Structures are given as C-alpha cells and as structure tokens.
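Chemist: My structure is below; once you've seen it, I'll send some questions.
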Amino acid sequence: MYKIVGVVNYIIVIFLNAFTDLGHKIIIQNTIFKVYDGEMQVVLTAIVNALILLPFILVFSPSGFLADKFPKNKIMEYSSVFAVLITLGITYSYYHGYFTLAFIMTFILALQSAIYGPAKYGYIKELVGEKYISAGNAAIQATTTVAILGGIIFYTVLFEGMYDESLLSESQILQAIAPLGWLLVLCSVVEWFFASKLPNKMREASKRKFTFRRYIQGCIS
C-alpha cells in the first residue's frame, strides 16, 4: 500500500492536521487551568470543547457536499492554506496576550477541520482503492490516534516548561508561551506542502446541488 503514490504524503497530512488542532486546544485549556479553578474552570473548559464540536455539527452538510463535488485533494490543499492563515492569527493573539481572540480562534480552527473532514477521510478509498481500503483505514486511525496523544504530551510539556508561577493572567501566560504559536504555523505550512502534492483521484463529480434554504431550515429544525 505504501508504494502507492501519495500515501505517505497523505499520512503526513493527516498527522499534522490532528497534531496542530490539538496543540492550540491544549494551550488554551492549560491557560484556563492555570488561571481559573472551581466552577469557572469547568464552564470555560466546556465552552472550549463546545467550540471544537459545534462546527462539525453546523457544517456537516456543506462539507460533505464539497467533498462530493470537488476533488478531495484540492479541498485538503486549500484547507491547509487556511490553516496557515488561522495559525498566524493564533500566534498574533498569543504575542499580544489576546485571550478572547485566541479563544475565538479555537472555533475558527475547528471550523476549518470540519470542512476538511469529509474530504480527508473520503480520500482514503480514492487513493488506495478497494484492495487496500481496510489497511488504509487502519493506517489513518492509527496516525490520528498517535497525533492526538503525541500532541497532548508534546504541547503540555512545552507549555509547562515555558510557564512560570509568577504569571497571573491569561494575557501574561499567552505572551510567555507565544513562541509555541510558530510551531503551529510551521506544522500548518508543512501540512500545506504535502497536501499540495496529493494526486487527484476523483473519477466523477456529484451532480447534486446544494440548497442553502433547506440547509438552514434543517439546522433550525
């Protein structure tokens, strides 16, 4: 399977996507843990988790439509470009100590991942074919799991290494760990590079049309 053109690049893209998403979430959550305790800590942590999950609920129809309508490799490539811009915005918020902006960027980064998702996982079958579909799924699940666990450990260790007990506010903490933002940017740039190398395996575009009115009515109902 690994001899198929694009498989190694694809696995790297999957890893970096999950690794970067987790990185920012860990930084925000650790900042909350250092500043708040009790009920406020629980509430803010729940909000962070909601900001990550909500985009997947809101855009599951548009993202699925895009993955059927356009080449999945291009969706991943363009989404990676947006990830670079988003992580630059996150880094800006770190350096200036804008906790609220960094908090909001959690939602925007999750929104990018939600749009990315169907194309990312739908590409497996297109790339490796039915012969290797099970092996492909196993490789992607393993890669995602390693990226999540690795991201938690990696960014937590770096965060704790840069944190100091004298830091009392969210702004001070973000400014102290701001260089971590450049790691997020670097991972996004590398992800974009490898995503741009993925081959187009799309055979036929879906002829379905996206009805915005029905989508809105579905969200409301």
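Chemist: Let me know the charge dipole size of region 1-108 about its Cα centre in debye, to the nearest 20, where only the beta-carbon of Lys, Arg (+1) and Asp, Glu (-1) is charged.
Modeler: That gives a dipole near 360 debye.
Chemist: I've got another one for you. Compute the relative contact order of the chain as a whole-number percentage, counting only Cα pairs closer than 8 Å that sit 6 or more residues apart in sequence.
Modeler: 42 percent
Chemist: Can you find, among 36, 181, 129, the residue sitting farthest towards the positive end of the charge dipole of the chain, where Lys and Arg contribute +1 and Asp and Glu -1 at Cβ?
Modeler: 129
Chemist: A further question follows. Counting only other residues whose beta carbon sits under 13 Å from that of residue 118, what net charge do I get with K and R as +1, D and E as -1?
Modeler: Taking every other residue near residue 118 into account, the sum is +2.
Chemist: Using the charge dipole of the chain (Lys, Arg: +1 at Cβ; Asp, Glu: -1 at Cβ; taken about the Cα centre), state which of 80, 140, 118 has its Cα farthest towards the positive end.
Modeler: Towards the positive end, the residue furthest out is 118.
Chemist: Here's something else I'd like to know. Rounding to the nearest 20 debye, state how big the charge dipole of the chain is about its Cα centre with +1 on each Lys and Arg Cβ and -1 on each Asp and Glu Cβ.
Modeler: It comes to approximately 1460 debye.
Chemist: A further question follows. Could you tell me which of 101, 12, 60 has its Cα farthest along the dipole of the chain towards the positive end, charges placed at Cβ (Lys, Arg +1; Asp, Glu -1), taken about the Cα centre?
Modeler: Final value for the positive-end residue is 60.
Read the figures in this text as sums done on the coordinates, not as results from a lab. Model, not experiment: these values are computed from the prediction. Glycine also receives a Cβ, built like all others from the backbone with ideal geometry; neighbour counts cover every protein chain displayed.
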